[in-house]
1. Can you tell me the mean projection area, over all orientations, of the convex hull of region B:5-261's alpha carbons? Units nm², please.
2. Under the Karplus relation 6.51 cos²θ - 1.76 cosθ + 1.60, θ = phi - 60°, what is the ordered set of whole-Hz ³J(HN,Hα) values for region B:373-382, x standing for Gly and Pro?
3. Consider a paramagnetic label point 7 Å from the Cα of B:Asp285 along Cα→Cβ; state which residues of region B:372-412 have an amide N under 15 Å from it.
4. Which residues does a label at B:Lys312 reach in region B:208-223, if reach means a backbone N under 12 Å from a point 7 Å past the Cα toward the Cβ?
5. Among B:307-320, B:99-112, how do they line up from the highest to the lowest mean number of other beta-carbon atoms within 10 Å?
6. Quick one: compute the contact order of region B:5-261, relative version, from alpha carbon pairs under 8 angstrom and 6+ residues apart, as a percent.
7. Can you find, among B:Ile367, B:Gly196, B:Ser78, the residue farthest towards the positive end of the dipole of chain B? Put +1 on the C-beta of Lys and Arg, -1 on that of Asp and Glu.
8. Would you compute, for the Cα atoms of region B:291-335, the largest minus smallest coordinate along each principal axis and list the three values in descending order, in whole Å?
Amino acid sequence: MGKIFKYGKDVDTDQIIASQYLLYPTIEEMKTHTFESLDGDFIKEVQPGDFIVADENFGCGSSREQAPAVLKACGIKAVLAKSFARIFYRNSINLGVPVIVCSEVYDHVERGDEMELNMEEGYVSVNGEKYACTRVPAYMKNILDQGGLLASLDRV
Amino acid sequence: MGMTIAEKIIARAAKATEAHAGNIYVVELDHLMSNDGTTHLTIDMYNKLKNRKIYDKSKLVWIVDHNVPCDSPKTAASQKKMRDFAKENGITFHEGDGICHELMIEKYVNPKELIFGADSHTCSYGELGAFGTGVGCTDYLYAMVTGKSWVLCPETLRFNFTGELQNGATARDLILTIIGRIGANGANYKAMEFAGPGMKNLTMSDRICICNLCVEAGAKTALMEVDDIAKAYLKEHGREAADGFVSDEDAVFEKVYDIDLSEIVPVVAKPHFVDNVSPVSEVEDVKINEAFLGSCNNGRIEDLRLGASIIKGKKVAEGVRFLVSPASREVYDQAMSEGIIETFMEAGAIVVNPNCSVCWGSCQGVIGEGEVLISTGTRNFKGRAGDKNSFVYLGSAATVTASAVAGRIVGADKI
């Protein structure tokens, strides 16, 4: 179980991690600024195993891989959205962060609700209801299962 | 079954006879561009690999352009890491020469190529018939080490242009209008292809501006046919005027839009979304604190000429900062030789070096709480240009320059 942080549509990567922190030497130094402009309480409240639930086009904007990287460093277990922007989606898979398209859950949850994710069977449970998620395509699932793209590279 | 330009480029890169939308292909990359926004992280990941090797260093181009000149010790450390690695490994390297996409277009991109860039505006290369797409540093590293990657072949949205831009409208107004119409995710995962008889009325600078901004509609890439105008550009920049691909007559487009260029009017994108588009005439009471002319979208010589023609003999409004940043050294040199830099300086503008500058919101011209910026930059997200409670409007070089003179948002016809 993890609690939900709920955000709206078109959450861009500048809001996830702003430009002025991107050249910090490490992700650990950047992560305390996650969602700084959007939600100043996020970094105080987030716990490992928590979820982000969002409306359409989550992660639009720049290609900064720092965006999914700081979410991962904050312990976010998965991001569920009605849809994802392309580069954010791909970067997340490459880092081993589950990004799950779920059209229904957004409209039925609030911030702080406790949710459970069943990746294998493709659903989430929250507030006594189950919501089906779209399966990650097999090619990308394989990357996720390995723990990200670089894990496969190390075996080259 | 016919193929689109995007499908033909992916088929070529996959060494396959055909490629079609919806399928995943393993492809070989022609160029790999990376800038100082993420390269320090790429190097850290590279150094943790068991088998460290670069597949083909001649494909790599590394460009320091985001924080130039450097703004802090932390940035200095990250940029030094990039500089040292490039030198040790013989990687083509630029620093202070201009914005990465402008340099790629001026020096490296060729028709039919498939290019990964660790920057979302890598979709800028379509006017040369190349499929450029933005990736993160893990994808970049994988391609740097193996020479390959995987791509999901995109559907194509086709835009047929007729007519000619008029009434003070520019290519910037055209692409903002298109994004406003289809939305910030209207082309998510897709290619945007531009064609039709109106193309002959668009300069290379116009075309770069159009392709560059397509990621703001979510597009994976933007593509155009390589016509005589594109070939002339390649020749002028010392490259072979090679043919590009053309979509087959029976190619499948997900959707086709017909756009009469003569109907486009000057527009701005209002805070905080690029698809929040209105005619300039509807926001003319908005006072500004800062104006910015530059970026990979509108920092070329044509944009500076347009701005200079508007501001010549006038002054920047009192209390307004007007920053001008040519997109590259080549543009800067040209602007100096034409007296354009002088014109801006006489008007009271702050002319800075070629770099991402105000558009990047981190090292130059950062705006404070409650302040309003009008910019030719690429994005107007919340906090993009500085304080989280600031406001960015996006417009053409003409609208931005006119607004700098007026001290409020106005069309160039109003000053």
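All of the numbers you see were taken from the coordinates with simple rules; none came from a lab. In this text, all values refer to a predicted model and were calculated from it rather than measured experimentally. Note that each Cβ is placed from the backbone with ideal geometry, even for glycine, and that neighbours are counted across all protein chains shown.
1. 14.3
2. Values, residue by residue: 10, 10, 9, 8, x, 8, 9, 10, 4, 4 Hz.
3. B:408-410
4. In region B:208-223, the label zone of B:Lys312 (backbone N under 12 Å from the point 7 Å along Cα→Cβ) covers no residue.
5. Packing proxy ranking, top to bottom: B:99-112, B:307-320.
6. 23
7. With unit charges placed on the Cβ atoms, the residue in question is B:Ser78.
8. Cα spread of region B:291-335 along its principal axes, largest to smallest: 31, 18, 15 Å.
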